[in-house]
Structure formats: C-alpha cells, structure tokens
Amino acid sequence: MPTRVIGGVAHARREIVEVCRRLYHFGLIAGQDGNVSVRVKEDRMLVTPAAMSKVDVRPSDLIELELHPEHGASSKGKGQESSEVEVHFAAYAIRPDIRAVVHAHPPVAIGFSVAGETIEHPLLAELKYGVGTVPLVAYEQPGSRALADLAAKSLRSYDVVLLQYHGAVSVGASLLVAHQRMESLEHAARILLVARQVKGRSH
Ligand SMILES: [Zn+2]
C-alpha cells in the first residue's frame, strides 16, 4: 500500500526540526544523541545528520536516503547520515504502516534498562493509552546491524522499545505520534521512579 504523505517533503523537513527541538527541551536527548526520520515516499526517508546537536538541526541539514533492502542506498544532502540509521531502515522494512521513527536517549527510562527492567504498569495512563507494552531489547553495539535486527524483531509487534544501556525507539503512523510515544515513555518512567522512592520511604 503506498505511504500517504501529508504535506510533502518540505513539510516533513520542518516537522523533523520541530521534533528535534522538542526532544532536546524535554531532556530526551543531549550532546549529539538521537535521530529522527520520516518516510517521505514509499522508498525514501528523510533523516537527521550525524555529528550535530539535534537542537541545532535545520531543514536543509536533513539527509534523504533511499529505503533499499540492501542498505546500499543513495543519499541526497550535505552531511553524513546518523550512524544509527540501521534501526530506521529495519523499522520501515518490517512495518509498512509506519511513517516515522524516533530514537532518543530518555535518561530515566534508560536507568530502568540499566537495572534490567522495562517501563511497565498495568494502570498508568501514559503507558496504557500512549505507549503500550515496552519490550526490553538486549544490548548490542549502538549503530550495529545486530542491534537494528533485534530492535526490528520487537518493533514488529510493539510501537516503543527500550534498548538496554542505550535508549529507546518509537514509531508511528505520523511523526507527531512517534514523538508523543517517546515523551510518554519518559514521563511514565519518571512517575514510576517517584512511586518507588515514595514507597521506599514509607517503610
Ligand atoms: Zn542512540
């Protein structure tokens, strides 16, 4: 089924820049962390460049890549695409229904993953309605094909995954939805952390 593009490539460029800023201001990325992409046509995506703080990314900095199964894709744009682009390729390949992928390093959620846990609670609204179940993907080298394959395996059935010791990936039918899922994940992680602290003091 062809991917529906709302507003075209220029709109997608502005959307990505806006989401990068939101990720930064909510504390979901720091330094050169994170990467954001949008599938702009059936076979192409726009993705953030490497070696830049994403809060500084401008629409013209984004790189257009061919979504080719062999990943030997041609690219358009000045810079180098993010080193973690493999996860984006893998996600689009496995989920024809999605239009956007967000990868960030949400600190509280990562803290849970370092402790060997994911973010879960059966009643918490952020998780129940915004995020869903979040599987914990075992550690693999960031940027590696092994990590992309492992994450994609989970993304086949879930919209948000936690990468152990590293970060999280969220996907959505729109960039807005993928971004909201990432924000809700970290929000839920903060709530659960506070709940543990409060509970710890009550004993
Ligand atoms: Zn990362």
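Here are the numbers:
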{"item": "Neighbours by Cβ (under 8 Å, 6+ apart or cross-chain): first from region 178-199, over 17 Å from I98 (Cβ atoms); second open to solvent by 80 Å² or more (accessible area, probe 1.4 Å)", "result": "E183/R22; A188/H121; L192/H121"}
{"item": "Count of residues meeting criterion [within 15 Å of the ligand (Cβ to nearest atom), part of a loop (DSSP other than H, G, I, E, B) and surrounded by fewer than 17 Cβ atoms within 10 Å (Cβ to Cβ)] in region 91-123", "result": "0"}
{"item": "Close pairs from region 19-37: first charged (D, E, K, R), partner within 11 Å of the ligand (Cβ to nearest atom), Cβ under 7 Å, at least 6 apart", "result": "D33/A104; D33/H105"}
{"item": "Test for V160: is it touching a residue at least 40 places away in the same chain (Cβ under 8 Å) and touching a helix residue (DSSP H, G or I) at 6+ places or on another chain (Cβ under 7 Å)", "result": "no"}
{"item": "Selection from region 161-181 of residues that are of a type in the set (A, V, I, L, M), open to solvent by 10 Å² or more (accessible area, probe 1.4 Å) and within 16 Å of Y92 (Cα to Cα)", "result": "A173, V177"}
{"item": "Residue within region 192-202 that is at pLDDT 95 or above, in contact with a Gly (Cβ under 9 Å, 6 or more places away or on another chain) and surrounded by fewer than 21 Cβ atoms within 10 Å (Cβ to Cβ) present", "result": "yes"}
{"item": "Breaking point among (1) within 16 Å of the ligand (Cβ to nearest atom); (2) in contact (Cβ under 8 Å) with a residue 12 or more places away in the chain, for Q141", "result": "(2)"}
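The values are calculated or read from the model by the stated rules, or taken from the named source; none is laboratory data. Since the structure is predicted, the reported quantities are computational estimates derived from the model, not experimental observations. No Cβ is skipped: glycine too gets one built from the backbone with ideal geometry, and neighbour counts run over all protein chains shown. Remember, those area values only see protein heavy atoms, side chains included, never the ligands or the DNA or RNA. Shrake-Rupley method; radii C 1.70, N 1.55, O 1.52, S 1.80 Å.
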